[in-house]
């Protein structure tokens, strides 16, 4: 297959991970890790995804050994794209793994990578406007260190992937916010309905009905929305719904 066709296929595959809605993060990482070695002419590749916040860090490798290495690196907080030092996600020139300072910096990661036959590493950052989401990591030996052109192409893939993953984050945040708003709206509607029921049954103003509802919920140490739902469903405590009940304290029901 021609290199141009390989490249086109990778971009199509990455874009296709989002055809059914928001991008699938695991699928996107797997596509980039699996396709990069052949396209960029390296021994192996991995993708480290560290979005921060509540979303968990993830990693995928182009082969089982690299995948295991990166999963362990997540717990070690060592290796390109891992740990608190975001500069570790930007090693855009081939770096020898047997470099003494690097061994000190990554005391567990480096020996494991060398044992797998990798001698050099490149980390191309997954960057969006406000932060770095991780890195595309390229592993090579002395005979196939990626060229400048290959690294530039890899960075283009990393950039495209970063945008795709950022879209996934935004979509998930949007779904979470929508769910919160829907629950808040539903709760408010139920409370308004309960106020109407109490106002009718006990000849209260809407403000007094709300005070009665709130006071009862507090006295029972129960969520206001749960008590309101019982009122609407006709299952509330008669002490709350009885037409002869006293007006809420602190208000004059005759005004």
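Residues in the stretch 207-216 that are without any contact (Cβ under 8 Å) to a residue 40 or more places away in the chain and either out of contact with any helix residue (DSSP H, G or I) (no Cβ under 9 Å at 6 or more places or on another chain) or surrounded by fewer than 18 Cβ atoms within 10 Å (Cβ to Cβ) (or both): 214, 215. In the stretch 1-91, counting only helices (runs of 4 or more DSSP H) that sit wholly within it, the ones holding 3 or more residues that are farther than 23 Å from residue 167 by Cα and at pLDDT 85 or above span 25-40, 64-76.
State yes or no: is residue 157 touching a helix residue (DSSP H, G or I) at 6+ places or on another chain (Cβ under 7 Å), in a helix (DSSP H, G or I) and touching a residue at least 40 places away in the same chain (Cβ under 8 Å)? So residue 157 passes the test. If you go through the stretch 170-178 one residue at a time, do you hit one that is more than 21 Å from the chain's Cα centre (by Cα) and surrounded by fewer than 17 Cβ atoms within 10 Å (Cβ to Cβ)? No, the stretch 170-178 contains no residue that is more than 21 Å from the chain's Cα centre (by Cα) and surrounded by fewer than 17 Cβ atoms within 10 Å (Cβ to Cβ).
Please determine whether any residue of the stretch 131-140 is farther than 20 Å from residue 61 by Cα and surrounded by 13 or more Cβ atoms within 10 Å (Cβ to Cβ). Looking for residues that are farther than 20 Å from residue 61 by Cα and surrounded by 13 or more Cβ atoms within 10 Å (Cβ to Cβ), one finds at least one in the stretch 131-140, hence yes. For the stretch 99-150, the set of residues classified as part of a loop (DSSP other than H, G, I, E, B) and under 18 Å from residue 78 (Cβ atoms) consists of 99, 106, 107, 108, 116, 118, 119, listed by residue number.
The values are calculated or read from the model by the stated rules, or taken from the named source; none is laboratory data. These numbers were taken from a predicted model, which means no experiment stands behind them. Positions of Cβ are generated from backbone atoms using ideal geometry, with glycine treated the same way; all protein chains shown enter the neighbour counts.
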